[in-house]
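This report refers to the structure that appears directly beneath it.
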Amino acid sequence: MSNSETVLLVGGGGREHAIARALAADPACDLYACASNRNPGITALAAGFETIGETAVEDIVAYATDVGADLAVIGPESALEAGVADALVDAGVYAFGPGADAARIETDKAFQREFMEAESIPGCPDFAVFDDMEAACEYIDAYDGDLAVKPAGLTGGKGVKVIGDQVNEDEAKAYLRESDYDRVVLEERLVGEEFTVQAFVANGDVRPTPAVQDHKRAYEGDEGPNTGGMGSYSDAGPELPFMTSEDYAEAVEVLEAVVDALPEYRGILYGQFMLGEDGPKVVEFNARFGDPEATNTLPVLNTSFLDVLTAARDGDSLPRLEFAGKATVCKYAVPEGYPTDPKSGAKITVDEESVGDALLFYASVDEREDGLYTTTSRSFAVVGVADSIAEAEAQAERALAAAGDGLRVRHDVGTADLLQRRIDHMNELRG
Ligand code: AMP
Ligand code: GLY
């Protein structure tokens with residue numbers, strides 16, 4: 001039995017509610033949390049909560065010190081970029097999450113690709129970095145093939161434009177000229193099926209979790225603008241139905257190669273992969289759990305998250321992870337108009353009784369005295385956990401009865417139809 005540990009969780013989204021639930025499942029965890037919004041799921045699990053912005057470094061450190069935190073888990077990338085992990089470590093709190101420098105693997109897409117090239121990390125697409133938007137436009141004109149246009153900095157997953165998919169060449173050039181980006185990455189358009197593999201990393205160990213597929217497009221059938229993610233699913237084993245175990249192993253090898261090159265890395269390393277005819281290529285790395293992917297992964301993790309954290313802090317080898325062997329399907333309810341023109345500040349209701357055997361994760365909602373209000377981001381997720389994706393999907397769908405008016409859902413996430421389209425797409429690409 002471990003002694004009790006005081007843990008500070010930074011962040012107030014669905015991902016952080018899933019982290020809070022996993023931490024609080026261990027009776028040895030005294031959980032405190034801070035975020036810019038009051039997430040009722042997190043406040044119900046935490047011994048204390050303060051409204052503090054995710055990038056308010058000094059206030060976060062002061063709160064950690066105040067509650068006597070031994071450990072901290074940092075949910076959002078904005079906090080990592082702001083140096084929250086560095087400041088906590090300086091104050092003597094072990095932060096599970098990289099310092100701002102290592103977090104550039106996510107927060108600076110130019111660094112991410114240059115790092116991959118310099119360290120010979122497998123799966124790097126052809127790319128070029130530009131500070132001059134006219135030079136970038138000329139590169140588009142001269143390039144033989146389609147390109148993805150990616151601002152180097154953080155855009156909440158909404159800044160990437162793919163030529164031949166969301167935009168044509170002229171629209172991509174207009175986008176570069178009209179936006180005020182300082183630096184962009186242009187890279188080979190990858191074609192295939194996307195999947196995510198997240199790993200717990202510390203002390204040079206990499207402990208991967210099952211693959212997840214997120215759904216970034218706002219509307220059913222993968223139409224509309226990119227979002228932070230409308231929903232996601234995972235299978236009972238490590239792979240997804242359109243992947244082989246070799247594909248999964250290759251993705252894990254990529255994450256291991258990153259950690260070989262960054263041996264001090266600590267926290268979650270998230271790989272976003274495009275599975276095409278010649279195996280997985282890297283779309284990007286993130287330096288934290290995915291949202292929604294954390295809501296798939298943590299509910300099936302049977303190993304105590306707190307045990308992973310304490311091993312990480314104590315310089316020990318990380319425990320081998322055990323999973324429940326269940327499939328999961330997450331569906332997000334988002335405000336009307338999300339992501340382009342989200343209706344924030346709208347009062348919503350969530351009927352917890354209707355969730356049934358599924359899990360409910362509150363996200364970017366704000367609990368006020370008279371009820372629950374939307375923000376500009378996703379409101380809540382329901383997650384079905386069952387023996388098959390089909391059963392988990394049905395469970396999630398039933399749970400959506402919890403959603404009151406003013407919310408929108410992508411009902412196709414995890415459906416048999418959508419899965420079959422993924423499998424057919426892969427078969428087509430692989431001949
Ligand atoms: P990111 O912000 O890097 O996650 O990109 C957001 C989304 O843009 C990804 O999930 C992909 O769907 C798409 N994307 C990014 N890079 C590429 C690429 N090189 N080829 C095709 N699609 C891409
Ligand atoms: N679901 C994508 C992300 O968290 O970046």
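Computed values, structure above
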| read-out | value |
| --- | --- |
| Kirkwood hydrodynamic radius of segment 84-174, Cα pairs, Å | 15.2 |
| Segment 1-140 shape via C-alpha gyration tensor axes, a/c threshold 1.5 | prolate |
| Label-point separation, residue 347 to residue 171 (7 Å along Cα→Cβ), nm | 4.0 |
| Segment 212-341 - convex hull of the alpha-carbon atoms, volume per residue in Å³ | 137 |
| Relative contact order (%) - the chain, alpha-carbon pairs under 8 angstrom, separation at least six | 16 |
| The chain: equivalent-ellipsoid semi-axes (sqrt of 5 x gyration tensor eigenvalues, Cα, Å) | 31, 25, 23 |
| Translational diffusion of segment 149-217, µm² s⁻¹ [Kirkwood Rh, Cα pairs; Stokes-Einstein; 37 °C; 0.692 mPa s] | 226 |
| Paramagnetic label zone (point 7 Å from Cα along Cα-to-C-beta, residue 59; backbone N under 20 Å) in segment 353-385 | 363-369, 373-377 |
| Gaussian network model of the chain, springs between alpha carbon atoms under 10 Å - residue of 133, 116, 230 with greatest fluctuation | 133 |
| Stretchable slack from residue 126 to residue 220, in nm (0.36 nm times residue separation minus alpha-carbon distance) | 30.8 nm |
| Linear extension gain, residue 320 paired with residue 118, 0.36 nm per residue minus alpha-carbon span | 69.7 nm |
| Pairwise Cα inverse-distance average, inverted: Kirkwood Rh of segment 322-366 (Å) | 13.2 |
| Volume of the Cα convex hull of segment 116-238, divided per residue and given in Å³ | 146 |
| Lysines with Cα under 29 Å of residue 150, excluding same-chain neighbours fewer than 8 positions away | 109, 158, 161, 173, 216, 281, 331, 343 |
| For segment 385-431: rounded, prolate or oblate by the Cα gyration tensor [a/c cutoff 1.5] | oblate |
| Cβ crowding within 10 Å averaged over residues, with 160-167, 138-145, 264-271 ranked highest first | 264-271, 160-167, 138-145 |
| Inter-label distance, nm, simple model (7 Å from Cα along the C-beta direction), residue 264/residue 354 | 5.0 |
| For segment 358-409 versus segment 14-81, the gap between their alpha-carbon centres in whole angstrom | 21 |
| Extension gain, residue 303 back to residue 429 (0.36 nm per residue minus Cα-Cα distance, nm) | 41.7 nm |
| Value of relative contact order over segment 43-114, rounded to a whole percent, pairs C-alpha under 8 Å and six or more apart | 26 |
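Every number in this text was worked out from the coordinates using simple rules, so none of it is lab data. Note that the coordinates shown come from a computational prediction; the quantities given were computed from them, not determined experimentally. Because the Cβ atoms are built from the backbone with ideal geometry, glycine has one as well, and the counts that use them run over all protein chains shown.
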